[in-house]
1. Any residue at all in segment 70-88 that's within 20 Å of Leu4 (Cβ to Cβ), in a strand (DSSP E or B), under 15 Å from the mean Cα position of the chain (by Cα) and free of Cβ contacts under 8 Å to residues at least 12 places away in the same chain?
2. Ser17: polar (S, T, N, Q), open to solvent by less than 30 Å² (accessible area, probe 1.4 Å), in contact with a strand residue (DSSP E or B) (Cβ under 7 Å, 6 or more places away or on another chain) and within 12 Å of Met83 (Cα to Cα), yes or no?
3. Which residue pairs have Cβ atoms closer than 9 Å, lie 6 or more positions apart in sequence or on different chains, and pair a first residue in segment 43-65 that is open to solvent by 80 Å² or more (accessible area, probe 1.4 Å) with a second residue that is modelled with pLDDT under 95 and among the aliphatic types (A, V, I, L, M)?
4. Among the residues of segment 13-41, which ones are at pLDDT 95 or above and not in a strand (DSSP E or B)?
5. Has segment 114-121 got at least one residue that is in contact with a Leu (Cβ under 6 Å, 6 or more places away or on another chain), closer than 20 Å to Ser30 by Cα and among the β-branched types (Val, Ile, Thr)?
6. Could you list, in sequence order, all residues of segment 89-106 that are of a type outside the set (A, V, I, L, M), part of a strand (DSSP E or B) and buried (at least 18 other Cβ atoms within 10 Å of the Cβ)?
7. Would segment 51-59 turn up any residue that is of a type outside the set (Ser, Thr, Tyr) and assigned to a strand (DSSP E or B)?
Amino acid sequence: QVQLVESGGGLVQAGGSLRLSCAASGRTFSTYAMGWFRQAPGKEREFVAAISWSGTTTYYADSVKGRFTISRDNAKNTVYLQMNSLKPEDTAVYYCAARTMVIKITPSEYNYWGQGTQVTVSS
């Protein structure tokens with residue numbers, strides 16, 4: 001069992017940056033693959049980025065590749081999403097999620113979810 005709490009969202013102008021954090025409870029954080037997803041109003045939840053339990057493998061959605069960076073610190077039970085060159089179309093609620101062991105990019109394959117943090121990018 002793991003509980004996830006996101007933070008770091010907010011309002012930023014286009015071209016700006018934000019860093020999201022996701023703090024996890026539990027002693028087995030290092031065994032979980034972690035993902036970031038987002039959901040804009042009226043749209044389905046979509047994959048943003050994922051990282052393996054060791055941090056050695058990462059995946060990104062094409063829409064954020066080169067602008068966003070996912071990372072993790074297993075000693076701090078935290079996963080991060082550094083978002084640079086933000087665009088208005090990045091506006092959404094951002095969720096972190098966890099699943100045991102194998103990295104995946106489909107929301108339905110994640111077992112644990114945070115409550116989400118709002119990111120709003122103004123033009």
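1. Yes, segment 70-88 contains a residue that is within 20 Å of Leu4 (Cβ to Cβ), in a strand (DSSP E or B), under 15 Å from the mean Cα position of the chain (by Cα) and free of Cβ contacts under 8 Å to residues at least 12 places away in the same chain.
2. no
3. Trp53/Met101; Trp53/Val102; Trp53/Ile103; Tyr59/Ile103; Tyr59/Ile105
4. Ala14, Gly15, Gly16, Ser17, Ala40
5. For segment 114-121, residues in contact with a Leu (Cβ under 6 Å, 6 or more places away or on another chain), closer than 20 Å to Ser30 by Cα and among the β-branched types (Val, Ile, Thr): absent.
6. Across segment 89-106, the qualifying residues are Tyr94, Tyr95, Cys96, Arg99.
7. yes
So that you can scan it fast, the table gives a plain yes or no per residue for (1) modelled with pLDDT under 95; (2) of a type outside the set (Asp, Glu); (3) in contact with a Phe, Trp or Tyr (Cβ under 9 Å, 6 or more places away or on another chain); (4) closer than 27 Å to Gly26 by Cβ:
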| site | (1), (2), (3), (4) |
| --- | --- |
| Ser54 | yes, yes, no, yes |
| Tyr59 | no, yes, yes, yes |
| Lys65 | no, yes, no, no |
| Phe68 | no, yes, yes, yes |
| Ser71 | no, yes, yes, yes |
| Val79 | no, yes, yes, yes |
| Met83 | no, yes, yes, yes |
| Asp90 | no, no, yes, no |
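The values are calculated or read from the model by the stated rules, or taken from the named source; none is laboratory data. Quick caveat: nothing in here was measured; it's all calculated off a predicted structure. Because the Cβ atoms are built from the backbone with ideal geometry, glycine has one as well, and the counts that use them run over all protein chains shown. Just so you know, the surface numbers come from the protein's heavy atoms only, side chains and all, with ligands and any DNA or RNA stripped out. Shrake-Rupley method; radii C 1.70, N 1.55, O 1.52, S 1.80 Å.
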